[in-house]
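Written out below as structure tokens is the structure these notes cover.
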Ligand SMILES: [Zn+2]
């Protein structure tokens, strides 16, 4: 009986507990306590470092010159119609992060059991990160305004706080939607995105008696939306560009010419240069739309996440381990990129990262019916597979094949993408 067989019931109970108690980003206090309790239980002398509200890091130090990171995301997302959504917070684990936490804890238990980690020539850092989902933004803005965090995304925040210092490369995991069987996936790249807010400012007037004196902000926003629709023809389709404009707020009433409408939209793509180019075209379209009707425009840009390109050097070893085993049947290694995003893209700016995905789930990711249907694969076979990956990485990874950039370079890079807030009045 393997360690993972023996530990299965314990890990399954932890996974179920987190699944049944979903928490939103930067508020994963209960989940954090579950992680702390398990770590203390299996390795009482562990030194647990805490970062921001709910982030954790625990190291297994061999005094080696390489350190492998193992990452798990703590947060749930908002989908009130998910079958397990919390009625109060609307949070639910429809992205499977609960299972990431359980898998990481299983690996922590495996490596500390009989001090197994001492058999490796590298150190290990387990990092539990809050707030991967880019949601609940008013709350996060309140944290930013109060000076409690700088970034909406948990990884960037933990990067800033030094939670990844000394780690040379990172292995993350993620569930796959509608893939109930025993499947693993590597080399799936993700898009990055930024968020634009265009506030069209007009002039209020009586809509019946004197519309001639008004300047209609809703008309400007409609013009902008038409321009965006026509612009789509001029956007490259190989770079997975996504633009989803919505009216974020506005001054609307039936008998007054609307004098303010804010359109917000994401700009997603897998290439940062193109993201900047498309964002600039959107700025021009918004500016033109406001000018066409004699209004004004305020523009605000908020960075989302950077695109994620999985590290091919590290993933070749994952593929090797897969090829040498027979218990897991399917490997997906050719999907290319998808237009979903994750803040592992930001982490991959400073160090090589891989995200090994796993099946065992039914339903659409983020959808109403997303659920784990193959727990024995997710919480036993898959962690066992990862333990072999760790072994192979220990044998093969050469430090001179890994890149490293300091956090300050990341911060500058992000500043350069969003520039600073622009207000083009007049
Ligand atoms: Zn996710």
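The values are calculated or read from the model by the stated rules, or taken from the named source; none is laboratory data. A quick note: this is a predicted structure, and the numbers were derived from the prediction, not measured. Ideal geometry is used to build each Cβ from the backbone, glycine not excepted, and the neighbour counts take in all protein chains shown.
The sole residue among 104, 76, 91 that is within 16 Å of the ligand (Cβ to nearest atom) and within 19 Å of residue 388 (Cα to Cα) is 104. Note on the range 157-214: residues that are within 22 Å of residue 417 (Cβ to Cβ) and either away from the ligand (no atom under 16 Å from the Cβ) or part of a loop (DSSP other than H, G, I, E, B) (or both) amount to 12. Of all the listed residues (293, 314, 297), the sole one being crowded, with 22+ Cβ neighbours inside 10 Å, over 26 Å from the mean Cα position of the chain (by Cα) and either outside the structural domain of residue 234 (by TED's automatic domain parsing) or more than 29 Å from residue 382 (Cα to Cα) (or both) is 297.
Flag set for residue 139, criterion: part of a helix (DSSP H, G or I), under 18 Å from the mean Cα position of the chain (by Cα) and away from the ligand (no atom under 14 Å from the Cβ).
For the range 122-129, does any single residue satisfy the condition of being crowded, with 20+ Cβ neighbours inside 10 Å, at positive phi and within 16 Å of the ligand (Cβ to nearest atom)? No, that holds for no residue. Scan the range 341-382 for residues that are under 30 Å from residue 411 (Cα atoms) and either more than 14 Å from the ligand (Cβ to nearest atom) or surrounded by 18 or more Cβ atoms within 10 Å (Cβ to Cβ) (or both) and the total you get is 17.
Within this structure, residue 224 fails the test of being out of contact with any helix residue (DSSP H, G or I) (no Cβ under 9 Å at 6 or more places or on another chain), surrounded by 15 or more Cβ atoms within 10 Å (Cβ to Cβ) and assigned by TED's automatic domain parsing to the domain that holds residue 275. Just one of the listed residues (408, 350) is under 17 Å from the mean Cα position of the chain (by Cα) and at pLDDT 95 or above, and it is 350. Condition (residue is closer than 30 Å to residue 367 by Cα, in contact (Cβ under 8 Å) with a residue 40 or more places away in the chain, assigned by TED's automatic domain parsing to the domain that holds residue 89 and in contact with a helix residue (DSSP H, G or I) (Cβ under 6 Å, 6 or more places away or on another chain)) applied to the range 109-118: is it met by at least one residue? No: zero hits. Among (1) over 16 Å from the mean Cα position of the chain (by Cα); (2) over 16 Å from residue 18 (Cβ atoms); (3) buried (at least 18 other Cβ atoms within 10 Å of the Cβ), there is one condition residue 134 misses while meeting the rest; what is its number? So residue 134 meets the others, but not (1).
Answer yes or no as to whether residue 154 is out of contact with any helix residue (DSSP H, G or I) (no Cβ under 6 Å at 6 or more places or on another chain), within 19 Å of residue 308 (Cβ to Cβ) and at pLDDT 95 or above. When the stated conditions are applied, residue 154 passes them. When residue 388 is tested against (1) away from the ligand (no atom under 16 Å from the Cβ); (2) in contact with a strand residue (DSSP E or B) (Cβ under 6 Å, 6 or more places away or on another chain), just one condition goes unmet, and that condition is (2).
Test residue 319 against the stated conditions and say whether it is outside any helix (DSSP H, G or I), out of contact with any strand residue (DSSP E or B) (no Cβ under 6 Å at 6 or more places or on another chain) and touching a residue at least 40 places away in the same chain (Cβ under 8 Å). So residue 319 does not fit the description; no.
Among the residues of the range 206-219, just one is surrounded by fewer than 18 Cβ atoms within 10 Å (Cβ to Cβ) and in contact with a helix residue (DSSP H, G or I) (Cβ under 9 Å, 6 or more places away or on another chain), namely 206.
Residue 393 falls short of the stated requirement of being crowded, with 16+ Cβ neighbours inside 10 Å, modelled with pLDDT of 95 or more and over 17 Å from residue 169 (Cβ atoms).
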